[in-house]
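The values are calculated or read from the model by the stated rules, or taken from the named source; none is laboratory data. The structure presented is a predicted model; accordingly, all values stated were derived computationally and were not measured. Cβ: placed from backbone, ideal geometry, glycine included. Neighbour counts: every protein chain shown.
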Amino acid sequence: MKKLNKIHLAQFLVHGPTYHSLGMWRHPKTISSGFKWDKPELYQHIARVCERGLFDTVFFADLNYIADTYKGAMAPSLMHATQAPEHDPIPLLSFMAAATKKIGVASTFSVSHSHPFYAARLWATLDHLTNGRAGWNVVTSINSNQAANYGEERQSTDNRYDRAHEFMEVCQKLWNSWDVDAVKMDHENGIFSDPEKVNRIEHTGKFFKSRGPLNVTRSPQNGPAIFQAGTSPKGQDFAVKYADAIFAIQPRPEDAANYFNSIKSQMTDIGRDPDACKILFGMQPIIGSSEAEAREKQEEHNALVPLEGGMAILSAHLDFDLSKIPADALMSERNEPELYRMRTRFHKIDGTPMTVAETAARHGQSVSLPQFVGTPQGIADQMEAFINVAGGDGFMLTAIHSPGAIEEFVDLVVPELQKRGIYRKEYKGNTQREILNQKD
Ligand SMILES: Cc1cc2nc3c(=O)[nH]c(=O)nc-3n(C[C@H](O)[C@H](O)[C@H](O)COP(=O)(O)O)c2cc1C
């Protein structure tokens, strides 16, 4: 077997009752855990568990809507908790960082609805509070429900990313508006900051104006580490330029390899070290003490996911009402433009094309992250096999129940990965960016 670099792991979360499994909120093990999804103790516990597992980061998705995309009604989203409700994850990052010392704390925050001054200030502050462990997943929002909540129309891909590039440019100028040695704290001479070392940015662009400087001092990472999850060529272009890590959903290893090679070669083209951006592929582990027990757990979990919920969440993520096409149509044979973006999620691992209903069922189970099912050794085998084909830098994990499934992975699979020499035994580095760049 090909020798692997040490892999990176991250935990995918939502500040809500169902992370990416619609079965989670009513899974018996979630119910019996005693934790409440809307209270910080659960997330602090998860952060400690993931830090025990030496994960790079705990990483939150975020949406700003309750979707009525499917059948034009909110009822399916509300009944099946399809990322609805979803509380704001940003305040949780401070709670989680306060309970840990090393692990990164990252969240999605859309650039589509705010001014870059606000975002630059928020993320620099979080980077200070966490001693350089903040990570920002920069997304542009594609959902019409979300746009409507901000009194806007959904934007074209070109417009979203043109705006996003300028948004980042302004944030970077603001983070750089304080020189490294601007803060003097010279008590004797009465000089807090050196006025020569704090500068206006005077930005005037197509979308934004900002005078600056930022009223937050230069943070440990000079702004947070940047995550990205775009899929279109414009989205990839954005990731290639700015991202320290990309989160990708590519259930088939062959598609994952294409994605990985495309990103890494585009990085080389623009003169960035391809290793400077880690690509983490999503997967949902289901662990048993035997293969048969793991399969039983998979069946138990998948049976808790209602098809209507899957239809609702997939429709929301596509921003397309799937009730408009027959449930037994093959997704990959449809030519509605909204479906194109997720086309690599429309086949089973063996390449068999899936119907609308099958794709929706899988999306409800895990937002289409592939399920790796087996004993701890079996899961480690599947991870190695995936990376050997895909060439990825690691995995973003999502749980079937919480927090128990996260604990099981850390206690059972992490030691197996360490035994095989493919996973770290300690953190080397202090900031989110340093840990993402840790090689061994
Ligand atoms: C793995 C993954 C996770 C994503 N998570 C979020 C999220 O939490 N919130 C959000 O608004 N968009 C999220 N997105 C949407 C993307 O940021 C992006 O807008 C979408 O995939 C459309 O791709 P494009 O912008 O390149 O066209 C996610 C996308 C992917 C692939």
Selected residue (criterion: farthest from ARG160 (Cα to Cα)) from residues of region 126-135 that are touching a strand residue (DSSP E or B) at 6+ places or on another chain (Cβ under 7 Å) and away from the ligand (no atom under 16 Å from the Cβ): THR130
Candidate set from region 198-217 (those that are in a strand (DSSP E or B) and buried (at least 17 other Cβ atoms within 10 Å of the Cβ)); member that is farthest from the ligand (Cβ to nearest atom): VAL198
Any hit, region 283-295, residues being within 27 Å of SER232 (Cβ to Cβ), within 16 Å of the ligand (Cβ to nearest atom) and touching a helix residue (DSSP H, G or I) at 6+ places or on another chain (Cβ under 8 Å): yes
Filtered residue count, region 329-354, keeping only those that are under 17 Å from ARG252 (Cα atoms) and out of contact with any Leu (no Cβ under 6 Å at 6 or more places or on another chain): 16
Failed condition for PRO233, given (1) within 16 Å of the ligand (Cβ to nearest atom); (2) in contact (Cβ under 8 Å) with a residue 12 or more places away in the chain: (2)
Any hit, region 155-168, residues being small (Gly, Ala, Ser), exposed (fewer than 14 other Cβ atoms within 10 Å of the Cβ) and out of contact with any helix residue (DSSP H, G or I) (no Cβ under 8 Å at 6 or more places or on another chain): yes
Residue tally, condition β-branched (Val, Ile, Thr), closer than 24 Å to LYS39 by Cα and away from the ligand (no atom under 16 Å from the Cβ), over region 391-424: 3
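Okay, residues lined up against (1) away from the ligand (no atom under 13 Å from the Cβ); (2) farther than 19 Å from TYR427 by Cβ; (3) under 19 Å from the mean Cα position of the chain (by Cα); (4) not in a loop (DSSP other than H, G, I, E, B):
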{"position": "GLU51", "(1), (2), (3), (4)": "yes, no, yes, yes"}
{"position": "LEU54", "(1), (2), (3), (4)": "yes, no, yes, no"}
{"position": "ASP68", "(1), (2), (3), (4)": "yes, yes, no, no"}
{"position": "SER94", "(1), (2), (3), (4)": "yes, yes, yes, yes"}
{"position": "ARG121", "(1), (2), (3), (4)": "yes, yes, no, yes"}
{"position": "ALA124", "(1), (2), (3), (4)": "yes, yes, no, yes"}
{"position": "ASN137", "(1), (2), (3), (4)": "no, yes, yes, yes"}
Check on PRO220, within 12 Å of the ligand (Cβ to nearest atom), part of a loop (DSSP other than H, G, I, E, B) and within 25 Å of LEU9 (Cβ to Cβ): no
Selection within region 249-279 - under 24 Å from LYS348 (Cβ atoms), in contact with a strand residue (DSSP E or B) (Cβ under 6 Å, 6 or more places away or on another chain) and outside any loop (DSSP other than H, G, I, E, B): ALA256, TYR259, PHE260, ILE279
Qualifying residue in region 156-177 (condition: part of a helix (DSSP H, G or I), hydrophobic (A, V, I, L, M, F, W, C), out of contact with any His (no Cβ under 6 Å at 6 or more places or on another chain) and within 11 Å of the ligand (Cβ to nearest atom)): yes
Test result for ARG133, more than 21 Å from ILE313 (Cβ to Cβ), over 19 Å from the mean Cα position of the chain (by Cα) and of a type in the set (Lys, Arg): no
Failed item in (1) closer than 29 Å to ILE46 by Cβ; (2) in contact with a helix residue (DSSP H, G or I) (Cβ under 9 Å, 6 or more places away or on another chain), with MET331 passing the rest: (1)
Unique residue being among the polar types (S, T, N, Q), assigned to a loop (DSSP other than H, G, I, E, B) and within 16 Å of the ligand (Cβ to nearest atom) when the list is THR82, THR108: THR82
Top-ranked residue of region 329-377 - restricted to ones that are within 16 Å of the ligand (Cβ to nearest atom) and in a loop (DSSP other than H, G, I, E, B), ranked as modelled with the lowest pLDDT: ARG341
Criterion: at negative phi, surrounded by 24 or more Cβ atoms within 10 Å (Cβ to Cβ) and touching a residue at least 24 places away in the same chain (Cβ under 8 Å) - qualifying residue of ALA390, ALA327, ALA360, ALA385: ALA360
Output for region 378-403, where each listed residue is under 25 Å from ASN258 (Cβ atoms) and assigned to a loop (DSSP other than H, G, I, E, B): GLY391, GLY392, ASP393, THR398
Failed condition for ILE246, given (1) part of a strand (DSSP E or B); (2) more than 12 Å from the ligand (Cβ to nearest atom): (2)
Unique residue being out of contact with any Asp or Glu (no Cβ under 6 Å at 6 or more places or on another chain) and either of a type in the set (Phe, Trp, Tyr) or over 30 Å from VAL183 (Cβ atoms) (or both) when the list is PRO251, PRO213: PRO251
